[in-house]
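The values are calculated or read from the model by the stated rules, or taken from the named source; none is laboratory data. Quantities reported herein were computed from a predicted structural model and do not represent experimental measurements. Note: ideal-geometry Cβ built from the backbone for every residue, glycine included; neighbour counts use all protein chains shown. Ligands, DNA and RNA are stripped out before the accessible areas are found, and what is left, the full protein with its side chains, is counted by its heavy atoms. Shrake-Rupley method; radii C 1.70, N 1.55, O 1.52, S 1.80 Å.
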Amino acid sequence: MDFRHSEDRQMLADTLRRFLAAESPPEARNRAAYDAPGHNAKVWAGLGELGIAGALFPESVGGFGGSGFDIMVVFEELGRTLSVEPLLGTLMVGRALMAAGGRPALEQIVAGSAIVALAHQEAEDGGLATTAIRDAEGWTLNGAKAVVAQAEAASLLLVSAVAEGRPALFLVPADAAGVSIRGYANIDGGRSAQVQLDGVRVGADACVATDGAAALAEAEAAGLLALSAEALGAMDVARDMTIDYLRTRRQFGVPIGKFQALQHRIATVLMEVEQARSAVINAADAFDHKQGPARDRVLSAAKYTIGATGQLVAEEAIQMHGGIGMTWELPLSHYAKRITMIDHLLGDQDRHLQRYVALGKVA
Amino acid sequence: MDLRFTPEEEAFREEVRSFLRDKLPARLADKVRHDQRLTKADLEEWHRILNDRGWLASHWPVEYGGTGWSVVQRAIFEDEAAKAHAPRIVPFGVSMLGPVLIKYGTEEQRKTILPRILDGRDWWCQGYSEPGAGSDLASLKTSAVRDGDHYIVNGQKTWTTLGQFANRIFCLVRTDPAAKAQEGISFLLIDMDTPGIEVRPIMLLDGEAEVNEVFFTDVRVPVSNLVGEENKGWTYAKYLLTYERTNIAGVGSSIAAFERLQSLAGSIRRDGRPLADDPLFAARMARVEIELANMATTNMRVVAAAAGGGAPGAESSMLKIKGTEIRQAITALTRRAYGPYAQPFIPEALEEGYNGEPVGPEDAGAAAPAYFNNRKLSIFGGSNEVQRNIISKMIVGL
Ligand SMILES: Cc1cc2nc3c(=O)[nH]c(=O)nc-3n(C[C@H](O)[C@H](O)[C@H](O)COP(=O)(O)OP(=O)(O)OC[C@H]3O[C@@H](n4cnc5c(N)ncnc54)[C@H](O)[C@@H]3O)c2cc1C
């Protein structure tokens with residue numbers, strides 16, 4: 001057993017960390033995160049030059065990584081600086097396309113030159129409701145997708161839709177006629193959008209999978225790993241900020257870290273974050289070495305752990321900072337928001353706990 | 001043991017309900033129900049309506065324009081008002097300064113200041129905390145130096161809630177730097193438009209600026225604005241804090257928030273069924289509901305003891321901790337109930353009259369900001385850690 005990252009991977013993490021620290025310090029991050037367009041074109045271009053997107057994919061599709069641990073280190077670093085760059089879309093759409101058989105779009109995605117978004121979540125609960133109807137020239141899409149991350153910035157959307165009774169996948173240019181994208185800011189930074197598809201016409205080649213279930217499962221698996229790793233990176237920083245504050249903030253003539261009430265709580269935070277790290281390591285390992293329900297179960301375990309630990313870390317970090325922990329000016333508050341909101345994406349802790357139980361019966 | 005209210009108390013409850021039905025503007029209740037942001041005018045409007053009925057100052061004796069209510073009546077009123085989604089009464093003048101002046105002020109101060117609190121001419125804010133003096137309030141540094149019949153005030157207050165609306169501030173200031181921390185503090189009333197005062201907003205994590213920093217540079221304050229005796233301010237400050245913590249349990253508003261959560265969970269669908277039918281979410285709601293029912297009785301036990309002359313000490317700390325934890329748990333569940341729709345944040349949608357197309361279910365966009373904003377409940381009014389210290393000091397005595 002060896003819990004160190006390979007040298008290459010460590011170098012990748014270090015490079016990314018240095019780049020983001022320099023190009024996306026808290027103030028610049030907040031500007032990009034809370035103002036339109038919800039990310040920073042310069043940082044995105046820089047990530048492209050560093051080949052970060054390529055790290056998320058194997059050589060077979062033009063990347064140079066693509067293992068669970070590659071995804072982990074990249075998203076952990078993104079989490080450490082609360083990056084709002086649209087790499088989750090890159091990963092999820094790219095993974096879906098890989099599973100669906102590859103397309104020219106995949107090359108651009110792996111090269112980091114195209115911004116893409118996965119438009120899968122329906123506006124209303126109740127399963128896939130967007131429809132695709134085939135005719136002689138191609139397909140017509142109708143439906144409404146919700147909270148699509150970075151849809152405004154994307155040039156291409158990967159849209160799921162029921163076609164001939166199956167969940168099919170379509171690559172739709174974001175500027176296609178009939179696509180309307182209503183964007184908004186997110187509480188934790190970055191922008192998402194409601195995506196409306198009204199009689200959107202696409203050619204036959206836009207359909208990348210007539211049965212996209214397996215491809216969607218790949219996208220989701222990668223997304224769960226990535227979000228868990230991102231939260232882990234953010235929690236690491238929030239914990240360190242809190243430790244630092246306990247050492248420096250003085251009340252009653254002593255650093256507040258002298259109070260045992262707080263000592264025990266920061267100790268709990270530390271333990272739980274280490275447990276969460278192990279959960280993400282398990283998930284990255286399962287991503288590479290397990291299949292089907294066995295793999296998905298470990299991913300759900302990680303997302304559950306991250307959700308539960310995230311709320312603890314975010315709430316404790318703010319509480320131990322006192323009033324200052326609630327201020328916009330202190331970067332910590334933005335970490336707390338992002339950590340909290342990750343539990344809302346791709347299913348929350350309760351959903352994944354129940355999925356874990358259900359998959360246990362299958363696996 | 002009898003958990004029923006007396007017939008007189010029940011009659012009073014009916015009276016409160018019918019008042020709220022008649023006089024609480026639907027517009028205001030709607031804003032509260034939907035977690036929209038209340039403006040200064042909204043808060044003043046409710047204040048005026050209560051004052052017209054003579055029900056604004058429930059803690060004050062009748063001779064100063066108070067209601068003279070018993071603690072039980074007060075609890076009933078607060079409960080009903082919260083359940084009807086009435087705006088909160090801005091506490092700084094009515095619930096904080098008023099009782100201090102009634103107990104420690106001069107008759108002159110009572111005569112000039114109390115009526116102005118009631119009719120809304122004055123909006124007070126609370127100048128206790130400083131950057132270096134939060135939990136350790138007695139370490140405050142803002143100084144007041146006597147110069148003839150004035151004090152010259154220098155220093156900084158912070159976290160001043162709604163200071164941007166206030167025309168007056170009551171401050172704890174240090175008048176004897178040589179004395180022991182608690183012994184050199186005085187309680188001073190200051191006009192916010194005195195030269196040398198600057199108010200700067202602090203933006204909180206939800207983008208709201210409900211708190212401020214207040215800077216004092218050579219601010220001249222008449223000595224007649226001193227409350228009680230010089231260097232005795234700590235006693236008054238502590239007295240005020242016990243008022244700050246009345247109704248701290250917030251049972252009524254937690255019940256109102258819980259009922260909203262329940263109806264939300266009944267209408268929001270998750271994975272093809274109402275969220276309320278999700279066994280894990282249902283269990284989370286049940287736990288909070290049970291805690292809330294327990295606390296309602298704990299609260300009434302404390303109220304009953306106070307009515308019988310029992311002094312709330314550790315009890316008020318207990319209610320503060322439990323009340324805020326329960327409220328925070330409800331706001332956390334409300335946030336979670338919206339799933340991915342808790343993420344979009346359109347600040348304008350929190351303002352009255354927003355006409356934009358909503359994103360997701362009704363009020364989805366208010367849930368996360370309310371959750372983050374309510375982190376304050378366990379921090380202010382004496383943090384929950386400090387409250388636990390108070391309780392253990394009282395019971396262990398070490
Ligand atoms: C939204 C908001 C509104 C407010 N409004 C007002 C207002 O209108 N007027 C006003 O004067 N003040 C106001 N306050 C200030 C509030 O009273 C202080 O924030 C509070 O007293 C805590 O002080 P602090 O923020 O400096 O935290 P600190 O005192 O620095 O505390 C940091 C952490 O250390 C813990 N801690 C401190 N001492 C101990 C101890 N002995 N044992 C164990 N743990 C300890 C605290 O509980 C906290 O977790 C407001 C605060 C907020 C957040």
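Gap in Å between the Cα centre of segment A:140-194 and the Cα centre of segment B:248-326?
Comparing the Cα centres of segment B:248-326 and segment A:140-194, I get a distance of 40 Å.
At R0 = 41 Å, how high is the FRET efficiency between A:Ser155 and B:Ile395 if r is their beta carbon distance? Nearest 0.05 is fine.
0.05
At 4 °C and 1.567 mPa s, grab the translational diffusion coefficient of segment A:6-104 from Stokes-Einstein with a Kirkwood Rh over Cα pairs, rounded to a whole number in µm² per second.
So the translational diffusion coefficient is about 93 µm²/s.
What's the local net charge at A:Glu137, with K and R +1, D and E -1, over the other residues with C-beta under 13 Å away?
So the environment of A:Glu137 carries a net charge of 0.
Mind checking which helices in chain A clear 30 Å along their axis (Cα) and have mean Kyte-Doolittle hydropathy of -0.5 or more, DSSP H runs only?
Length and hydropathy pass: A:213-248, A:260-289, A:292-321.
With label points built 7 Å along Cα→Cβ from the Cα atoms of A:Gln196 and B:Glu9, find their separation and express it in nm.
Result for the modelled spin labels: 5.5 nm.
Tell me, rounded to the nearest percent, the portion of alpha carbon pairs in segment A:155-204 spaced more than 18 Å apart.
So the portion of pairs separated by more than 18 Å is 38 percent.
Given segment A:90-223 reduced to its alpha-carbon atoms as identical point scatterers, what log10 I(q)/I(0) does the Debye formula return at q = 0.09, 0.16, 0.22 Å⁻¹?
With one equal scatterer per Cα and no solvent, log10 I(q)/I(0) is -0.22, -0.73, -1.46.
Which order do B:Asp136, B:Asp2 take when ranked by solvent-accessible area (1.4 Å probe, heavy atoms of all protein chains), largest first?
Largest accessible area first, the residues go B:Asp2, B:Asp136.
Could you tell me which residue out of B:Pro274, B:Leu188, B:Tyr236 lies farthest along the dipole of the protein assembly as shown toward its positive end? Charges go on the beta carbon: Lys and Arg +1, Asp and Glu -1, centred on the Cα centre.
With unit charges placed on the Cβ atoms, the residue in question is B:Tyr236.
Provide the solvent-accessible area of B:Tyr64, counting protein heavy atoms only and rolling a 1.4 Å probe, rounded to the nearest 10 Å².
Number for this one is 40 Å².
Where Lys and Arg each count +1 and Asp and Glu each count -1, what net charge lies around A:Phe64 among other residues with Cβ under 9 Å from its Cβ?
Surrounding charge for A:Phe64 is -3.
What's log10 of I(q)/I(0) for segment B:83-158 at q = 0.22 Å⁻¹, Debye sum over Cα points only, no solvent?
Normalising to I(0) and taking log10 leaves -1.13.
Magnitude of the Cβ-charge dipole of chain A, K/R +1 and D/E -1, about the Cα centre, nearest 20 debye?
About 820 debye.
Shape verdict for segment A:81-148, please, from the Cα gyration tensor: rounded (a/c under 1.5), prolate (a/b greater than b/c) or oblate.
oblate
How high is the FRET efficiency from A:Glu107 to B:Met203, r the C-beta distance, R0 45 Å, rounded to 0.05?
Rounded to the nearest 0.05, the efficiency is 0.55.
DSSP loop (so not H, G, I, E, B), at most 10 other Cβ within 10 Å: list which trypsin sites (Lys or Arg not before Pro) in segment B:138-216 pass both filters.
In loop regions of segment B:138-216 (DSSP not H, G, I, E or B), the sparsely surrounded trypsin sites (Lys or Arg not before Pro) are B:Lys180.
Which value results when the Cα radius of gyration for chain A is divided by 2.2 N^0.38 Å?
1.00
How do B:Ser317, B:Ser267, A:Ser60, A:Ser180 rank by accessible surface area computed with a 1.4 Å probe, from largest to smallest?
A:Ser60, B:Ser267, A:Ser180, B:Ser317
Which aspartates and glutamates, on any chain, are close to A:Lys42 with Cα under 16 Å apart, when same-chain ones fewer than 8 places away are left out?
Straight-line reach from A:Lys42, under 16 Å: A:Glu23, A:Glu27, A:Glu85.
Treat each spin label as a single point 7 Å out from the Cα along the C-beta direction, and report the B:Arg220 to A:Asp240 distance in nm.
Here the modelled spin labels are 5.3 nm apart.
Find the accessible area per residue for the protein assembly as shown; the probe is 1.4 Å, ligands and nucleic acids are left out, and the unit is Å².
42
Based solely on C-alpha atoms, express the radius of gyration and the Dmax of the protein assembly as shown in angstrom.
28.6, 95
Please work out whether segment B:7-89 counts as rounded, prolate or oblate from its C-alpha gyration tensor, where a ≥ b ≥ c are the square roots of the eigenvalues and a/c under 1.5 means rounded, while otherwise a/b larger than b/c means prolate and anything else oblate?
Cα axes put segment B:7-89 in the oblate bin.
So what is the 222 nm mean residue ellipticity for chain A from helices alone, if each DSSP H run of at least 4 adds -39500 (n - 2.57) and you divide by all residues, rounding to the nearest 500 deg cm²/dmol?
-18000 deg cm²/dmol
Tell me, what is a quarter of the convex hull surface for the C-alpha atoms of segment B:1-149, in nm² with one decimal?
That works out to 12.7 nm², a quarter of the Cα hull's surface.
A:Gln251: net charge of surrounding residues, Cβ under 14 Å, Lys/Arg +1, Asp/Glu -1, itself excluded?
Here the count lands on +2.
Please give the FRET efficiency for A:Val162 paired with A:Val362, using the beta carbon to beta carbon distance and R0 = 25 Å, rounded to the nearest 0.05.
0.55
Whole-Å semi-axes of segment A:197-337's equivalent ellipsoid, largest first, each the root of 5 times a Cα gyration tensor eigenvalue?
41, 19, 9
Put +1 on the Cβ of every Lys and Arg and -1 on every Asp and Glu Cβ in segment B:216-372; which of B:Val227, B:Gly360, B:Ala293 then has its Cα farthest towards the positive end of the dipole?
Of B:Val227, B:Gly360, B:Ala293, it is B:Ala293.
Determine how large the accessible area of B:Val71 is when every protein chain is in place; take a 1.4 Å probe and give Å² rounded to the nearest 10.
Rounded to the nearest 10, the figure is 40 Å².
Do the sum for chain B: with -39,500 (n - 2.57) for every DSSP H run of n ≥ 4, divided by all residues, what is the mean residue ellipticity at 222 nm, to the nearest 500 deg cm²/dmol?
That calculation yields -14500 deg cm²/dmol at 222 nm.
Under unit Cβ charges (Lys, Arg +1; Asp, Glu -1), what dipole magnitude, rounded to 20 debye, does segment A:1-129 have relative to its Cα centre?
Its charge dipole is roughly 200 debye.
Under 15 Å Cα to Cα from B:Lys322, which aspartates and glutamates show up? Leave out anything in the same chain fewer than 8 places away.
Filter leaves B:Glu289, B:Glu291, B:Glu385.
According to the square roots a ≥ b ≥ c of the eigenvalues of the Cα gyration tensor, what is the shape class of segment B:124-231, taking rounded for a/c under 1.5, prolate for a/b larger than b/c otherwise, and oblate for the remainder?
Since a/c reaches 1.5 but b/c is at least a/b, the shape of segment B:124-231 is classed as oblate.
For chain A, modelled as a GNM with alpha-carbon contacts under 10 angstrom, which of A:Gly322, A:Gly199, A:Gly65 fluctuates the most?
The residue with the greatest mean-square fluctuation here is A:Gly322.
Where the centre of each part is set by its Cα atoms, how far does segment B:96-170 sit from segment A:217-240, in angstrom?
Cα centres, segment B:96-170 to segment A:217-240: 47 Å.
In the structure shown, do any of B:Lys157/B:Lys180; B:Lys83/B:Lys320; B:Lys23/B:Lys103; A:Lys258/B:Lys238; A:Lys258/B:Lys141 have a Cα-Cα gap over 28 Å, and if so which?
Pairs exceeding the cut-off: B:Lys23/B:Lys103.
Just the accessible area for B:Leu350, please: 1.4 Å probe, Å², rounded to the nearest 10?
10
Mind putting together the pair-distance distribution for segment B:249-396? All Cα pairs, 10 Å bins, whole percent per bin, short to long.
Spelled out per bin, shortest first, that is 11, 33, 31, 17, 7, 1.
Give, rounded to the nearest 20 debye, the magnitude of the charge dipole that segment B:240-398 has about its Cα centre when Lys and Arg contribute +1 at Cβ and Asp and Glu contribute -1 at Cβ.
In debye, rounded to 20, segment B:240-398 gives about 680.
What residues does segment B:375-389 have that are buried by at least 30 Å² of accessible area in the full protein assembly compared to the chain on its own, 1.4 angstrom probe?
B:Arg375, B:Ile379, B:Glu385
Expressed as a whole percent, how much of the Cα-Cα distance distribution for chain B exceeds 40 Å?
Counting pairs separated by more than 40 Å, the tail of P(r) holds 17 percent.
Please report, as a whole percent, how much of the solvent-accessible surface of segment B:133-229 comes from carbon and sulfur atoms (probe radius 1.4 Å).
Carbon and sulfur atoms account for 50 percent of the accessible area of segment B:133-229.
So how do A:Arg295, A:Arg18, B:Arg88, A:Arg182 rank on accessible area, 1.4 Å probe, biggest first, that is with the largest at the start?
Heavy-atom accessible area, descending, gives A:Arg18, B:Arg88, A:Arg182, A:Arg295.
Once Lys and Arg get +1 and Asp and Glu get -1 on their Cβ, which of A:Gly257, A:His321, A:Gly233 lies farthest toward the positive end of the dipole of chain A?
The residue sitting farthest along the positive end of the dipole is A:Gly257.
Taking Cα centroids, how far is segment A:1-35 from segment B:59-75 in Å?
Spelled out, the Cα-based centre of one part sits 60 Å from the other.
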